Amino acid sequence: MTFPHLLVRHLARNWLAYLLLALAAGMLLADLSGPTGVHLPSHLADSGLAAVLAPGLLVCALLCVVGVRLDATRRDLDQTRDELARAQALGRIANWTYRNSGFEWAPQARAVFGIGAPLPGTLEQLLKQVAPDDRGQLERAWRAAMAGTGFRVEVAIPGDDGVRHVLLEGRCGVPSDAASGVPDSAPGGCMSGVVQDVTGVRRLEGELRQAMRYQRALLDNFPFMVWVKDRNLRYLAANKPLARAGGRASPEEVQGLLDHDMWPGARSDAYRADDLAVLDSRKPRGGESVIDAGAHRKVFDVWKAPVFDDDSELLGIVGFARDISERKRVEAALERSRLQIAALGELQARFVAGEPADTLFAAMLQVIEALSGCADGFIADVVSDARARPHVNVLARRDIDWLNERADLIDTALGADGSDCESGAPVAADANGTHGRGLVCIAVMNRRRLVGLVGLASGEGRIDDDRMEAVRTAVSTLGLMLEAMRREHARVHAETELTRHRARMTGLVEEQLSDSISARRQAEQANRAKSRFLASMSHELRTPIHAILGFARLALRDRPPLSDTTRHRFQVIRQNGDRLLALVDDLLDLSRLEGAAVHLNIAPCNIDTLAREALADMAPMALERDVRMSVSGEVAEPVINADGNRLAEVLRKLLDNGIRLSPQSGEVVIALSAQRHDGVDGVLLQVSDDGPGIPEADLEKIFDQFTQAERLRGHAGGTGLGLAVCREVIKLHHGWIRASNRPQGGASIGLWLPYRR
């Protein structure tokens, strides 16, 4: 509150005192302002104002001082009340009073109860808001409080936002009618207290209990022992593994015990000395602890560390112990295996170097005997005869002839051939007895085939599991050596057979080569004869064909005009003669192309010009059949090195096919585009029509000689030589020609030519 507000508040409360003070001062000043030259003390004495105004002025001054003091006290009281209200709001606490059978609640109570409705006015209303399970204890506590004792009870109050936990505390006071002077415990008596919302506290307590359960579960499920001790080295906490190791049923039984209560004397003294060393050094400490318990020897990895408070004062010690006996055993076994593998590796190196097999297998037997702890044994190779019967061939042994000594076990072991037995597994064993000395037979397998046997003398008819693992490793190496030996024998045998077959095949090849040379010469002669025949036949055929065509043209030009029937007949003669002449030309061209008798006249030519000239040459045929023709697309470099006449012939043949196969009012288009093929730049020409298309099975075959696609049936077609000639011409230009179907219908013949041959 600012100073002007405080001043106005002070004047409003003490206005009467200041008014009286102002009146007294005014009267005094008015009296003093009388005749001049009068002596002031005598004047006051004569007028009698001093006796009247002095007490008034004194009382007014005293009232002013008291008012100022009361204002200061009120300010302190208001500040204290505000701080108390804030503290109650933070602590979710409110005051209450019960008198005349009704409650009077502080404003903060509404936030404590968390209700929007009016606060309970009577005890019955309060009981209705409390959960049914808590009403009985509230009634009992209330009755006890009315009897003159205080009460403190926690109840649950369900609401829209969940269940609230409320702590009610009160004590009975003086009765409402204090004139009697006797306390009254009747319902009309007075009781006051506080109410507090402890929902958050209970939630935190629940979370704390859950966290402690998690912590306990974590400690108890550690695979090693964990503990905490105080400065006096008494156990404050431990997990289940430590309790079980100390012979206690639960970790709670360990709390408060010393090491002497948990462990035997010598061990407890050692543990205590180690703990004291950690406390003295104030540093963590770790190491291994060995415990000899009869035939069992355990090794623990122990770690301990001091615990400090915020002021770096020692609180105690924490530690864990992990059983590493199995790890130590494995490490020792690995070390033995390392040495054994080194010995096996040395044997492999000697085997690769070509050392004699007898020496190597004798050394291998010594290694296996050392690994198994046996003093005698044998190594044998197992081979199958022509009837797939296994036979044993001893590769290394000592003094005892085990094949005869324990033939029964050997026969049993041979039964592993063709089974799912793993290599290195015992397949037959017997101890010392009436049948002879004890022996363990171990199989050497390769893809379900028994390729070898290892026999080890054992009076008990078994080998320890720890040693058996090392034996399996050695048997695996032996299997590799046997396999390599067999492959070497097979290689030598194969080389011998190969040499024999090579000599035989050389004779056959020389004989077939002589026949092939003779056949090639005959084929060349036949090809030359075919070429001469075709050239001769084409010449002989062309002469009468030209005569027939000449007479047909003359007849069509002669006068007087021929009748329609006669003219039609001569036109048929001319058309078929033209077709026959084209067929003869195709046969002659194809023969020359296949016989490499055609030489291209390579020169720069404009592919766009060639396409348009071909369209002009075929325009009469297209006009006759009412088919449109056009050229689409363009290339940046239309000039290529090619034989222009041959390419023009190819385009005319493709256009002829497209015109004949397109329907009336159809369209044949030559599309030009640049395309790169196998890293070579070139130009692609696509001749497309609106015909019936080409069956997928005929897309490759239509370029073969005397082959027509299914779509040519019902159309005027040739003998299937046109596309074959086109393919040969394009191949001479180092290009390619392919057929495909268009999505909208019709066929498309694409030919690609490189810019430079």
| Reachable lysines, given that their alpha-carbon falls under 25 Å from the alpha-carbon of Lys731 and they are not under 8 places away in the same chain | Lys530, Lys653, Lys701
| task | Would you mind giving the three semi-axes, in whole Å and largest first, of the ellipsoid equivalent to segment 355-475 according to its Cα gyration tensor? | result | 20, 17, 15
| said: Viscosity 0.890 mPa s, temperature 25 °C: what is the translational diffusion coefficient of segment 321-360 from Stokes-Einstein with a Kirkwood Rh over Cα pairs, rounded to a whole number of µm²/s? | reply: 202
| request: Please turn the phi angles of segment 636-653 into ³J(HN,Hα) values with the Karplus equation 6.51 cos²θ - 1.76 cosθ + 1.60 (θ = phi - 60°), one per residue in order, whole Hz, x for glycine and proline. | output: 5, 10, x, 8, 10, 8, 6, 8, x, 5, 5, 5, 4, 5, 4, 4, 5, 5
| request: Report, by chain and number, residues whose modeled amide H sits under 5 Å from the one on Ala237, excluding near sequence neighbours (fewer than 5 apart, same chain). | output: Val228
| field | Net lengthening on full extension, Glu667/Glu124 (0.36 nm per residue, minus Cα-Cα) | value | 185.1 nm
| To two decimal places, what compactness ratio does segment 222-323 give when its Cα radius of gyration is scaled by 2.2 N^0.38 Å? | 1.05
| said: Just to confirm my numbers, what's the Cα centroid distance between segment 615-638 and segment 468-502 in Å? | reply: 75
| said: Within 10 Å of each candidate Cβ there may be at most 11 other Cβ atoms; applying that plus a DSSP loop requirement, which GluC sites (Glu not before Pro) in segment 293-381 survive? | reply: Glu313
| query | In sequence order, what are the phi-derived ³J(HN,Hα) couplings for segment 93-99 according to the Karplus relation 6.51 cos²θ - 1.76 cosθ + 1.60 with θ = phi - 60°, rounded to whole Hz, with x for glycine and proline? | reply | 10, 9, 8, 8, 9, 10, 8
| remark: Between Asp515 and Val383, Cβ-based FRET efficiency (R0 35 Å, step 0.05) works out to 0.20
| If you add up the charges near Val627, with Lys and Arg at +1 and Asp and Glu at -1, over every other residue whose beta carbon is less than 13 angstrom from its beta carbon, what do you get? | -3
| query | Whole-Å semi-axes of segment 599-754's equivalent ellipsoid, largest first, each the root of 5 times a Cα gyration tensor eigenvalue? | reply | 24, 18, 15
| said: Quick one: 3J(HN,Hα) in Hz for segment 198-209, Karplus 6.51/-1.76/1.60 with θ = phi - 60°, rounded, Gly and Pro as x. | reply: 10, 4, x, 5, 5, 5, 5, 5, x, 5, 5, 4
| task | Treat each spin label as a single point 7 Å out from the Cα along the C-beta direction, and report the Arg231 to Ala273 distance in nm. | result | 2.5
| remark: Interchain or sequence-distant (5+) residues whose placed amide H lies within less than 5 Å of the amide H of Ser419 are none
| field | Taking all pairs of distinct alpha-carbon atoms in segment 367-416, Kirkwood radius in angstrom | value | 12.1
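No lab work stands behind these numbers, since they all come straight from the coordinates. All figures in this text were calculated on a predicted structure; none of them were measured in a lab. Note that each Cβ is placed from the backbone with ideal geometry, even for glycine, and that neighbours are counted across all protein chains shown.
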